[in-house]
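The structure appears below as structure tokens.
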Amino acid sequence: MFTKSIRWRLQLWLAFLLVCVLSGFGAAVNQLHRDNQFKQIDDELERRVVALSAAVRGGPSRGFGPGRPPFDGGGHRPDQGGEGRRPDFGGDGHRPDFDLDGGAHHPPPHGWPDSPPPFGGPGMRREIHLSAAVTNLFEEANASSFYFAIWSRDGDALERSTNAPMELPRPARADTLPHTRMREPFREAYHFTEMGDCVLAGRDITADLNGLRRFAWWLLTAGGTVLAFGLGGGWLLTSRAIRPVVEISAAASRISAGNLSERIKGADTDNELGRLAGVLNSTFARLEAAFAQQKQFTADASHELRTPLAVLISEAQTTLARERSPEEYRETIEACLVTAQQMRRLTESLLDLARVDAGHEPAPRVALDLAEQTRAGVERVRPLAAEQKLQLHCDLAATEAFTNPERLDQVITNLLTNAIHYNRPNGEIRVRVSAEPESAVLTVADTGRGIAEKDLPHIFERFYRADKSRSRADGHFGLGLAICKAIVEADGGRIEVASQPGVGTTFTVRLPKPPAGK
């Protein structure tokens with residue numbers, strides 16, 4: 001299923017992130033643009049409301065001047081005499097006090113109407129005078145022209161522009177602060193004066209709403225385009241990032257099929273996957289070398305075992321071909337015994353290598369005196385050195401090493417035996433034990449024929465013989481130095497060789513010192 005693919009998972013996650021980011025960004029930009037557009041409209045409406053409110057406050061009142069009821073032509077009440085006398089509305093010579101809702105604390109005098117007549121009626125009517133500056137704010141020739149309406153505190157329409165909507169309800173009573181309302185497709189601002197009059201200015205915002213819708217569609221289109229480019233780029237990026245994984249999988253499949261020389265090609269070492277490919281290539285190279293070494297080791301071991309087996313079979317067949325004397329039988333049995341011992345030494349060496357290579361149960365290590373361990377090894381081989389007329393010189397300083405005693409004995413014995421077998425007659429062997437800051441050092445030097453420079457890199461390889469002319473009958477299979485190297489490295493040390501043809505060879509073994517508290 002495609003959802004199990006790493007590439008598709010990355011692509012789906014990228015799509016989710018892009019959709020979230022683009023949606024949030026688009027919604028924020030659209031809301032900011034909408035708020036800014038309505039703020040501009042509201043600012044224009046409120047400016048006109050302020051102008052209308054000022055005109056309403058400053059406008060004269062019809063019904064409170066000469067010739068208007070309840071006044072006569074001389075400004076007198078019909079039921080009052082005297083010129084210039086103030087009308088007594090409450091019987092005490094004062095006008096009744098009206099609150100903002102039009103209520104009076106005292107009833108009107110006889111003959112005064114209970115409430116103002118409606119707009120256009122025969123009773124009292126306020127007259128609104130708008131200056132040219134105010135009327136210019138409501139030019140009908142403008143495509144986005146503004147309209148206005150003015151109501152008295154009793155809800156009567158005092159004035160309105162000709163382009164105002166037919167149905168224009170008066171706003172509900174509120175405080176004296178400017179307010180806005182939305183009656184699609186109209187946006188309106190209104191204000192109640194201190195006397196309770198209401199002024200309103202509005203505008204048809206159909207064009208603005210259409211512009212906002214176009215802007216929203218433009219944002220949606222731009223977001224879709226960015227999403228498409230983002231997903232396309234993400235697909236290319238993930239494809240490029242996953243390519244090394246695909247190549248690694250293909251190379252591993254070919255290697256598992258038996259092609260050990262296969263490598264991951266085109267790995268970019270500048271990124272993590274490239275470095276992983278480099279590590280895998282080096283691992284594949286070591287595996288190829290290990291398989292090649294194992295193959296060579298198996299062939300060499302088979303060859304080494306085949307020779308003594310052939311000797312055993314040949315001796316047995318020759319002896320059984322006819323009757324022989326007891327002496328001849330004895331010689332045959334002795335030859336078979338020597339061959340069998342040679343096979344035993346070979347199998348023991350192979351088992352030693354197998355145990356060291358396996359490493360499942362590391363040999364226990366202890367702190368020991370390297371000088372005493374070396375002195376014991378020298379005494380074991382001293383008779384063999386005397387047979388070859390070789391002189392042994394020892395310089396053994398007490399030095400502690402952290403290793404396995406039995407395996408260390410095997411290393412010392414192998415190095416001393418090689419120094420004896422490959423030395424010249426009447427030669428010398430120098431054995432030295434010394435201490436370094438972090439290591440205990442064992443040095444075995446001989447005065448033999450030396451090792452050629454071309455053979456030095458291979459002498460620790462299994463079944464490798466620098467002297468090809470020596471017979472396997474001598475019991476040397478080319479495994480001794482390989483065993484020494486495996487044992488020393490298993491204990492955390494290292495073994496080195498230096499040789500000069502015709503002068504001699506020196507082997508140096510460095511073993512770790514005991515850790516603190518051991």
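Laboratory data are not the source of any read-out in this text; all were calculated from the coordinates shown. Fair warning: this is a prediction, and the values are worked out from it, not measured in the lab.
For region 45-52, backbone phi angles converted through the Karplus equation (6.51, -1.76, 1.60; θ = phi - 60°) give residue-by-residue couplings of 5, 5, 4, 6, 5, 4, 5, 5 Hz, Gly and Pro being listed as x.
Here's how it looks for Phe146: its modeled amide H is under 5 Å from those of Glu139, which are all 5 or more places away or on a different chain. Shape analysis of region 272-355 places it in the prolate category; the axes a ≥ b ≥ c from the Cα gyration tensor give an a/c of at least 1.5, with a/b above b/c.
Phi angles across region 365-382 convert, under the Karplus curve 6.51 cos²θ - 1.76 cosθ + 1.60 with θ = phi - 60°, into 3J(HN,Hα) values of 10, 9, 7, 9, 8, 5, 5, 5, 5, 6, 4, 5, x, 4, 5, 5, 9, 4 Hz, Gly and Pro given as x. For region 218-295, the average shadow cast by the Cα convex hull is 6.2 nm², which is a quarter of the hull's surface. Under a 5 Å amide H cut-off, with hydrogens placed 1.01 Å from N, Thr403 pairs with Val366, Leu368 among residues at least 5 apart or on other chains.
The stretch between Thr508 and Glu406 holds 34.8 nm of extra length on full extension. This uses 0.36 nm per residue minus the Cα-Cα distance.
Exceedance of the 29 Å cut-off in Cα-Cα distance is limited, within the set Lys265/Lys485; Lys454/Lys485; Lys454/Lys513; Lys485/Lys513; Lys295/Lys485, to Lys265/Lys485; Lys454/Lys513. In order along region 335-341, phi translates into HN-Hα couplings of 5, 5, 5, 4, 5, 5, 5 Hz, rounded to whole numbers, per the Karplus curve 6.51 cos²θ - 1.76 cosθ + 1.60 with θ = phi - 60° and x for Gly and Pro.
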